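The values are calculated or read from the model by the stated rules, or taken from the named source; none is laboratory data. Quick caveat: nothing in here was measured; it's all calculated off a predicted structure. Cβ: placed from backbone, ideal geometry, glycine included. Neighbour counts: every protein chain shown. Only protein heavy atoms, including side chains, enter the accessible area calculation; ligands, DNA and RNA are left aside. Shrake-Rupley method; radii C 1.70, N 1.55, O 1.52, S 1.80 Å.
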Amino acid sequence: MILLALACVEPVDTAGPGEADTAPPADTGDSAAPLLPQPAPAEDLDPDESVVHVALEASPLSFEVNGRTVEGFAYNGQVPGPLIRAQVGDTVVVDFTNHLDAPTTVHWHGLAVPAAMDGVTWLQDPIQPGLGFRFEFTVTEAGTFWYHPHLDSDHQVDLGLYGVLLVEDPAEPAVEQDLVVVWDAWGEDPEADTHTAPDPSSVVWTANGVVEPRLELAAGERVRLRMLNVANLSYLDLAWPGLRQIAGDQGRLDALAAPENVLLAPGDRAEFELLPTASLTVETALHTASGGAVPGAALPLLQVVLPAEQPAPEAADWPFAGGAVAPDPGTTDAIYVFSGGGGDDWLINGEVYPDVTVQTLALGRSSVVEVRNLSSTEHPFHLHGHAFEVLSQNGEAPAAREVEDTVNVGIRESVRLLVHADNPGDWMAHCHLLPHAEGGMMAVLRVE
Ligand code: C2O
Ligand code: CU
């Protein structure tokens, strides 16, 4: 994408039907910043309570970004795409049509769908212009997931093809505001040398298409913020006063976490409970794939505005499961060594996708996958079809149980991941820096 300053992507709708209670309050006009919009919800075409049936179309869309026109792409004419909401146990049916002039696919990031529904070109012919495909799967875990193309993804995702699929758990308490925040970075330029990560102080972040919006809260309101990083290459390192994390990539944590900051690599999600006593600013510290934290002032991303200082609203009663970090069995079933960075190739085990050696995990077994990063940049490792538990990072177990589908692996670092291999098929295992994935940094893990 061309370098864009102070972006404002327009086609996001605010409150859709049934969303009135989660819409931000009306603009009071006391600030120039636009309000944080919510992506318009997908229309459910099936009256059956346990079926969510959605029509999804990918088409070209021109939209304005800071006075410049982007010839982009969109699902159902909006960026982010329609918000798909389902309950645990629902069947999701998506009738997809490709109105782009390029082939595409749709991948359901973080969801354990059947392999034939995973939207990857290893298993499925790309969906050609004018053609469609029916995706159908059952959602079994609550959490904040997303969908995006898995073909030419460094361009197609970058140009606007991404949307959120929420899976709700009726055991979770309702709060006054349950909001998604889709973070995208502009000015990353996939055409540039992909071996250099973008300067984190020069990219412009949008939240649901808007630069540094404000979220206005009424007194006493509790907020659930579901954040996703859909950027190609740019990392967020989020912090604000009173940060309370309730969920990660794969839904609820095992206990409330109150870290000082949360790294959100491309592909990652995290959910937060906001119980503010005063207005606050969500900020990101500067972090780059080329070397982690970099010095420089934090960037403001989102203003949370309260009418007045207040006592903290009461915390909701999240049903945390209280699980512990699994012990490392000490055996290793698959190893991925990330390298490259010279020439145009990014390598896993010295190979460039699709010319890869398939590694196999036994169906029904808990297996260990180890990822080692020998390259000169960080890589967020993402596995399809399965969640994993982080056993250790550089030999050190995490402080609390971490169930993820995307984990950042720093330079010269290694991670050991426990995979309950219960979903048969061929699954992509790749870097979620999309120019790296498209440059070959993708492997295939077979479960059989
Ligand atoms: Cu979000 Cu294989 O991708
Ligand atoms: Cu990478």
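Across segment 204-346, the relative contact order, built from alpha-carbon pairs under 8 Å that are at least six residues apart, equals 28 percent. Note down the nm distance, to one decimal, between modelled labels 7 Å out along Cα→Cβ at T121 and at Q87. Inter-label distance under the simple model: 4.0 nm. Please build a GNM for the chain, connecting alpha carbons under 10 Å apart, and tell me which residue among A32, A293, A278 fluctuates the most. The residue with the greatest mean-square fluctuation here is A32.
Only Cα pairs under 8 Å and 6+ residues apart enter the sum, and on that basis the relative contact order of segment 100-148 stands at 50 percent. By the Stokes-Einstein formula, at 1.002 mPa s and 20 °C, the chain with its Kirkwood radius over alpha-carbon pairs has D equal to 97 µm²/s. Candidates L228, A171, T206 compared by Cα position along the dipole of segment 156-253: farthest toward the positive end lies A171, with charges placed on Cβ. Charge tally around D249: other residues with Cβ under 15 Å, Lys/Arg +1 each, Asp/Glu -1 each, net -4. Modelled label positions at S50 and A397, each set 7 Å beyond Cα in the direction of Cβ, lie 3.9 nm from each other.
Based on DSSP loop calls and a cut-off of at most 12 other Cβ atoms within 10 Å, the longest stretch of the chain free of exposed trypsin sites (Lys or Arg not before Pro) is what? Let's see the in-between values first.
Working: sites that count: R365, R412.
Longest stretch, sites excluded: 1-364.
When the chymotrypsin sites (Phe, Trp or Tyr not before Pro) in segment 232-333 are filtered for DSSP coil states and for at most 16 other beta-carbon atoms within 10 Å of their beta-carbon, the remaining sites are F320.
Of I335, I127, the order by accessible heavy-atom surface (1.4 Å probe, DNA, RNA and ligands excluded), from most exposed downward, is I335, I127. In this structure segment 346-448 gives 34 Å² per residue of accessible area when probed at 1.4 Å with all protein chains present. In terms of packing, defined here as the mean over residues of other Cβ atoms within 10 angstrom, the peptides 378-391, 350-363 line up highest first as 378-391, 350-363. Across the chain, the mean sequence separation of Cα contacts (distance under 8 Å, 6 or more residues apart), normalised by length, yields a relative contact order of 14 percent. GNM, the chain, Cα, under 10 Å: largest mean-square fluctuation among V211, V407, V203? The residue with the greatest mean-square fluctuation here is V203.
Per-residue packing, averaged as other Cβ atoms within 10 Å, sorts the ranges 431-438, 253-260 into the order 431-438, 253-260, beginning with the highest.
Bridge orientation summary for the chain: considering DSSP beta bridges with both residues in this region, about 75 percent are antiparallel. Counting only protein heavy atoms, what percent of the accessible surface of the chain is carbon or sulfur at a 1.4 Å probe? Roughly 52 percent of what the probe reaches on the chain is carbon or sulfur. Between N408, N232, N394, the Gaussian network model of the chain with springs among Cα atoms under 10 angstrom shows the greatest mean-square fluctuation at N394.
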